[in-house]
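Each remark here refers to the structure printed beneath this line.
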Amino acid sequence: MRLNEVAHNLFIIEEGKQSFPATKSKYPPYYGERKYGNLREWIPYRSKFAAMVMNGYMPQIMNDWKVLYLGAASGTTLSHFSDIFDDGMIYAVEYSAKPFSKLLKLAMERKNIIPILRDASKPLEYSGIVEKVDFIYQDVAHREQIKIFTMNSNIFLKTNGCGLIMVKARSIDSTAEPQDIFNDVIGDFSSNFKILKTGNLEPFHRDHIFIHLVKG
Amino acid sequence: MKKWKVWFGEIDEEIEASDNLVSSFYAAINDEPIPFSIVERGVQIFGSEEEYYRNLRKTAVVAGEKLVEEELKREDRYAVMLLKSLDQVDESINLLNEKLRDIVEIKESKVTDILREKIDELRELRNEIEKEIELVISKVCPNLSEMLGGVISAGLLEKAGSLERLAMLPASTIQILGAERSLFRAKARMKKGKVARPPKHGIIFQHKYVRTLPKTKRGKMARFLAAKIAIASKIDYFSGELNPELSDSIKHRFEELLR
């Protein structure tokens, strides 16, 4: 087993022919992932961020960043973010009550998660809670994904702050060609932001891309 | 001077600290972005940044628990009751309309104008109730609501009794929910050895993808839709996360059958 540190507390484990990401964590497994000593396996099929790392892209991050996470769902990716941003703070916004109740359990265990049960498409409804952040991570299966990100970054993202958006083609328009949608989305973003990198998440998530950008 | 609402109180020129953090947490709604640093002001109240975040986290967890409990508490029963009143209002509108027409045929008067007005009001009420059903259903069972819309989802919940029971039903039962009478009639005929045609669909007939197909294909669509509903209700009951692939798949199946 060989370890390769790609970011703070984030490793790629190489074991024979296999390789997979993992985060250093003092907490027990959260969603059925395996643990190797103090490393928690990060399953790319379950988390889009892990799929992006598997595909060879690692955005620059700092472990003391303030993060706004839109669409935290039941907290799978969030639990690893909590390991990585161990000196920062993560505001986790989720709209649906069922997965949120699971996320609450995670927030009780970790010291750096602020759970917020609110609709990410109405950022002013949590404007009195969330501070200015360095990083917005968005993974929402919503038709208005682009608008949601733009609204939130206008209110909460610092200048020169980064954003990472997991775009799902099928929830924007299930009938159009994914590639056409991606081109449109990238075009929309590039008028307001500086795009650093885009790429797909195959074979882990179909018809998805990630967009890493900076608020200029 | 504008008053800004933050999770620990209200801020104009001075900071007015909230005496109940849990209730002020989800009331921190403003109509434009806050122009100052929330953390800086918060530190003035809580003493240090460490204390600020400790309090914020604790409040978020407690307020979240409270809100989740409220949102999940018997919301499915609420939707079902709303649906019942919706049906009742519909019926009243129809009855009154009929009577109004009968009267107007004989004579128009002040009373008929009032009656017409009242019927319009009832229609408005009807739309309000329907909107509320959509809203509640989209929270309690996002997948069902995405696939079927609020009214049909609520109808299924009503027939099944609750989301929990709907999640436990097999697809074959879901397919004919609401067509119990014709099912048992068919069964009775079969018992006597006569030819019988059991129903192809119950409530789900109201869905546009079933209703608009030619008669020979409705059964296929109903069977497919019921299978997807069985999956969706289980997801809604156990995890509650939206899976848009389900509604995509029924759309595809519909387009296939349309050909």
Inset, instruction - Scan the stretch B:12-25 for residues that are more than 9 Å from chain A (Cβ to nearest Cβ), outside any loop (DSSP other than H, G, I, E, B) and not charged (D, E, K, R) and report the count. - result: 5
Inset, instruction - Among residues belonging to the stretch B:62-78 that are more than 7 Å from chain A (Cβ to nearest Cβ) and closer than 19 Å to A:Tyr126 by Cα, point out the one that is least open to solvent (accessible area, probe 1.4 Å). - result: B:Ala63
Inset, instruction - Only residues that are without any contact (Cβ under 8 Å) to a residue 24 or more places away in the chain and open to solvent by 70 Å² or more (accessible area, probe 1.4 Å): list them for the stretch B:79-101, please. - result: B:Met81, B:Asp87, B:Gln88, B:Glu91, B:Asn94, B:Leu95, B:Glu98, B:Lys99, B:Arg101
Legend entry - Qualifying residue in the stretch A:75-95 (condition: facing chain B (nearest Cβ under 10 Å) and assigned to a helix (DSSP H, G or I)): no
Inset, instruction - Just one of (1) assigned to a helix (DSSP H, G or I); (2) over 21 Å from A:Lys66 (Cβ atoms) trips up B:Thr59, so point out which. - result: (2)
Inset, instruction - Answer yes or no as to whether B:Gly202 is in contact with a Gly (Cβ under 8 Å, 6 or more places away or on another chain), assigned by TED's automatic domain parsing to the domain that holds B:Phe254 and crowded, with 20+ Cβ neighbours inside 10 Å. - result: yes
Legend entry - One residue from B:Lys84, B:Lys58, B:Lys73, B:Lys2 being within 37 Å of the chain's Cα centre (by Cα) and under 19 Å from A:Ile116 (Cβ atoms): B:Lys58
Inset, instruction - Tell me which residues, restricted to the stretch A:121-155, are of a type in the set (A, V, I, L, M, F, W, C) and open to solvent by 10 Å² or more (accessible area, probe 1.4 Å). - result: A:Leu124, A:Val140, A:Ala141, A:Ile146, A:Met151, A:Ile155
Inset, instruction - Being within 14 Å of chain A (Cβ to nearest Cβ) and basic (Lys, Arg) is the filter; apply it to the stretch B:211-259 and report the residue that is nearest to A:Glu144 (Cα to Cα). - result: B:Lys251
Inset, instruction - Taking the residues in the stretch B:179-204 that are assigned to a helix (DSSP H, G or I) and touching a residue at least 24 places away in the same chain (Cβ under 8 Å) as candidates, determine which candidate is nearest to the other protein chains (Cβ to nearest Cβ). - result: B:Ile204
Legend entry - Residue, nearest to B:Glu14 (Cα to Cα), within the stretch B:26-61, restricted to residues that are of a type in the set (Phe, Trp, Tyr) and more than 7 Å from every other protein chain (Cβ to nearest Cβ): B:Phe36
Inset, instruction - Can you confirm whether the stretch A:157-171 contains a residue that is open to solvent by less than 10 Å² (accessible area, probe 1.4 Å), within 13 Å of the chain's Cα centre (by Cα) and within 12 Å of another protein chain (Cβ to nearest Cβ)? - result: no
Inset, instruction - Return the only residue of B:Ile114, B:Ile137, B:Ile152 being assigned to a helix (DSSP H, G or I), in contact with a helix residue (DSSP H, G or I) (Cβ under 9 Å, 6 or more places away or on another chain) and either away from every other protein chain (no Cβ under 14 Å) or surrounded by fewer than 11 Cβ atoms within 10 Å (Cβ to Cβ) (or both). - result: B:Ile152
Inset, instruction - Of the numbered conditions (1) of a type outside the set (Gly, Ala, Ser); (2) farther than 30 Å from B:Lys73 by Cα; (3) assigned to a helix (DSSP H, G or I), B:Glu108 fails exactly one; give the number of that condition. - result: (3)
Inset, instruction - Have a look at A:Ile172, A:Ile146, A:Ile181, A:Ile165 and point out the one that is in contact (Cβ under 8 Å) with a residue 40 or more places away in the chain and out of contact with any Leu (no Cβ under 8 Å at 6 or more places or on another chain). - result: A:Ile146
Inset, instruction - List the number of the failed condition for B:Glu180; all other conditions in (1) exposed (fewer than 14 other Cβ atoms within 10 Å of the Cβ); (2) over 27 Å from the mean Cα position of the chain (by Cα); (3) not small (Gly, Ala, Ser) hold. - result: (2)
Inset, instruction - Consider A:Ile61 carefully, then state whether it is more than 13 Å from chain B (Cβ to nearest Cβ) and surrounded by fewer than 22 Cβ atoms within 10 Å (Cβ to Cβ). - result: yes
Inset, instruction - Quickly run through the stretch A:106-143 and pick out the residues that are in contact (Cβ under 8 Å) with a residue 12 or more places away in the chain and among the basic types (Lys, Arg). - result: A:Arg110, A:Arg118, A:Lys132, A:Arg143
Inset, instruction - Take the residues in the stretch A:112-129 that are out of contact with any Leu (no Cβ under 6 Å at 6 or more places or on another chain) and assigned to a loop (DSSP other than H, G, I, E, B), then tell me which one is farthest from the other protein chains (Cβ to nearest Cβ). - result: A:Ser121
Legend entry - Subset of the stretch A:8-40 (residues that are open to solvent by 20 Å² or more (accessible area, probe 1.4 Å), under 18 Å from A:Tyr57 (Cα atoms) and in a strand (DSSP E or B)): A:Phe11, A:Ile12, A:Glu14, A:Gln18, A:Ser19
Inset, instruction - Could you list all residues from the stretch B:66-102 that are small (Gly, Ala, Ser) and at pLDDT 90 or above? - result: B:Ser85, B:Ser92
Legend entry - Number of the condition not met by A:Arg2 [criteria: (1) open to solvent by 50 Å² or more (accessible area, probe 1.4 Å); (2) in contact (Cβ under 8 Å) with a residue 40 or more places away in the chain]: (2)
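The values are calculated or read from the model by the stated rules, or taken from the named source; none is laboratory data. All of these numbers come straight from a predicted model, not from anything done at the bench. Glycine also receives a Cβ, built like all others from the backbone with ideal geometry; neighbour counts cover every protein chain displayed. Areas reflect the complete protein model, heavy atoms only, side chains present, ligands, DNA and RNA absent. Shrake-Rupley method; radii C 1.70, N 1.55, O 1.52, S 1.80 Å.
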